[in-house]
Amino acid sequence: MQSLHHVPAPAKLNLFLHVTGRRSDGYHLLQSAFMLIDWWDVLHFDLREDGQLVRQDLGPSLPALDLSLQAAQALQQASGTSLGALIRVQKNIPAEAGLGGGSSDAATTLLALNRLWGLNWPLSRLLPIGTALGADVPFFLGGRNAWVQGIGEQLQAIDLPPARFVVLKPQQGLSTATIFQDPSLVRDSRPATMLDFAAQPYAFGRNDLQAVAQRLCPEVFQALRWLENQSLQPRMTGSGSAVFAQLKPSTVLAHPPEGWTWRICSNLEVHPLHRWISCDD
């Protein structure tokens, strides 16, 4: 195996996001439901025998040390392999949107290089590497829609009914760290149960980060209002600035404001690469 091309890295939506507390080390305790959607970055991996790790951007320019390159470096160091890779990234998922694009790229890189380098590590060996890269990476490695708790590391697979959504990203982005550091953030939401969520998975709860995000980024408020004006029930995903709403069969959308990115998405039952890794040691 010398190459793996057209490898997808899907985005996710937070169907709800409650902040239930804060640990002594500053990390926030969360409850959420993560859902995979069919909006993805596309990565290409070519084997290098010289041990070098090189990334090329096929779309928008990424930071010099983005999460895909960090993931490659971490796996190379952990495995001790002498092999390297050329990683080409077609970035389609907007950054600073709350869609998990960078974390998904990192997970796809770990899954792809695990195969390309012939490591064949099980999920249990990749998870610690993913966790060190970011709180959302283990979700994408796990490959299933999930009920999420703790600081994002406690995942329980869930089944969700098929549905379609409009996802809208205004021009302005948001920093996750800035929102979580805001003193006005609600940090004491009452813990929910999976039973409560299962009764109405696409209408349950709220996003506790949304009020802070709307204040810091007026375009979040504008995007929510734009969807509300089309008789939809929107909310923000993650730390924003993207917002989304479930579509009704009869919904006909107007075109959003100039410069905003939008897409009609369906949810995924499993990650496209879910068969690429064993859950057994």
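Most tightly packed first, judged by the mean number of other beta-carbon atoms within 10 Å of their residues, the peptides 236-243, 203-210 read 236-243, 203-210.
By DSSP, the beta bridges lying fully in the chain are antiparallel in about 90 percent of cases. Restricting the calculation to Cα atoms, the range 111-262 yields a radius of gyration followed by a Dmax of 17.8, 52 Å. DSSP beta bridges confined to the range 41-157 are antiparallel in about 70 percent of cases. Stretching the chain fully between T193 and S266 yields a gain of 23.8 nm (0.36 nm per residue, less the alpha carbon separation).
Computed from the coordinates by the stated procedures, all read-outs in this text should not be read as laboratory data. Just so it is clear, the model here is predicted, and its values are computed rather than measured. We place every Cβ from the backbone using ideal geometry, glycine too, and count neighbours over all the protein chains shown.
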